[in-house]
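Data block below; observations after.
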Amino acid sequence: MTLFHFFNCAILTFGPHAVYYSATPLSEYDTLGTSVKAAVVYLATALVKLVCLATFLQVSETEVFDPYQEALKAMIGFIDVAGLYFALAQLTHRNISQNHKFQAVGLGWAFADSVLHRLAPLWVGARGLEFTWDYVLQGLEANANLVFTISLAALGSLMWLRKNKPKTLIPIIYTCAVIIATMPSITSYQKRVMGWHFPKIVGFELVTSLVMAFCSCQLFILCQRPSL
């Protein structure tokens, strides 16, 4: 029963990444190398973030929300945006379209994040004798993170790679990108100040990820239209 629960949670956590790759044109255009490069960039970015967090943030023994610490954490979180920029704009890719490039980069980035932050807790905890919903919720949270990451990669490709986008859409693109980039601080506020429990936070992340995906998709479509 414990291994069955572990495999179910593992499939819920990592399965959507494989499904997304095989069910979209990414597999047809052999973009696996791009995803692997993005995963490597993510690991390097995570190392830089870890050093910055250990250097500048104070370890708190309480769950009290500290605006200064959270603002600093949010600023450090923008290192992810810099890493995505490097993966999208600076790495050499095969001859793939911008549409496939941001999806491959976002997919590799999200998969590396799930492996780094959820594989070890899943392996240790989901094989326990007592059933718990925590790891099911972590799997759902990984799905929301996948949607968030691909949406942020789409917005990043519009910000950094598309030169002829309508000027009226630029503020909207940047606003959506900031919302996604600061999502960890938003959920921290919900947990520590508003008293939200983990299931409610995961539900919020799932709903918000779908909204951000819809906005990113519409912005991408509008920016692809020829300007009059």
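Since Cys52 meets every condition but one in (1) part of a helix (DSSP H, G or I); (2) at pLDDT below 85, which condition does it not meet?
(2) is the only condition that Cys52 fails.
Within segment 135-175, can you find the residues that are of a type in the set (D, E, K, R), part of a helix (DSSP H, G or I) and surrounded by 14 or more Cβ atoms within 10 Å (Cβ to Cβ)?
The one that is of a type in the set (D, E, K, R), part of a helix (DSSP H, G or I) and surrounded by 14 or more Cβ atoms within 10 Å (Cβ to Cβ): Glu141.
Looking at this structure, is Phe102 open to solvent by less than 80 Å² (accessible area, probe 1.4 Å), in contact with a Ser or Thr (Cβ under 9 Å, 6 or more places away or on another chain) and farther than 22 Å from Leu146 by Cβ?
When the stated conditions are applied, Phe102 does not pass them.
Look through segment 1-49, keep the residues that are closer than 14 Å to Val105 by Cβ, hydrophobic (A, V, I, L, M, F, W, C) and open to solvent by less than 40 Å² (accessible area, probe 1.4 Å), and return whichever of them is modelled with the lowest pLDDT.
Filtering segment 1-49 for residues that are closer than 14 Å to Val105 by Cβ, hydrophobic (A, V, I, L, M, F, W, C) and open to solvent by less than 40 Å² (accessible area, probe 1.4 Å), the one modelled with the lowest pLDDT comes out as Leu26.
Are any residues in segment 12-54 of a type in the set (Ser, Thr, Tyr) and over 20 Å from His100 (Cα atoms), and if so, which ones?
Answer for segment 12-54, where residues must be of a type in the set (Ser, Thr, Tyr) and over 20 Å from His100 (Cα atoms): Thr13, Thr45.
Just to check your reading of the model, which residue among Gln58, Gln90 is under 19 Å from Ile150 (Cα atoms) and open to solvent by 30 Å² or more (accessible area, probe 1.4 Å)?
Gln90
So if I check each of Leu47, Leu26, which one is on the phi < 0 side of the Ramachandran plot and in a helix (DSSP H, G or I)?
Leu47
Among (1) in contact with a Cys (Cβ under 7 Å, 6 or more places away or on another chain); (2) not in a helix (DSSP H, G or I), there is one condition Ile76 misses while meeting the rest; what is its number?
For Ile76, the failing item is (2).
Six or more apart or on different chains, Cβ under 7 Å: which pairs go from a residue in segment 161-184 that's in contact (Cβ under 8 Å) with a residue 40 or more places away in the chain and under 11 Å from Leu222 (Cβ atoms) to one that's open to solvent by 50 Å² or more (accessible area, probe 1.4 Å) and assigned to a helix (DSSP H, G or I)? Could you list them?
Pro166/Leu222; Leu169/Leu222
Which residues, taken from segment 181-200, are part of a helix (DSSP H, G or I) and closer than 19 Å to Gly77 by Cα?
Ala181, Met183, Pro184, Ser185, Ile186, Thr187, Ser188, Tyr189, Gln190, Lys191, Arg192
The values are calculated or read from the model by the stated rules, or taken from the named source; none is laboratory data. None of the values given here were measured: they were computed from a predicted structure. Please note: Cβ atoms are built from the backbone with ideal geometry, for glycine as well, and neighbour counts cover all protein chains shown. Side chains included, ligands, DNA and RNA excluded: accessible areas come from the protein's heavy atoms. Shrake-Rupley method; radii C 1.70, N 1.55, O 1.52, S 1.80 Å.
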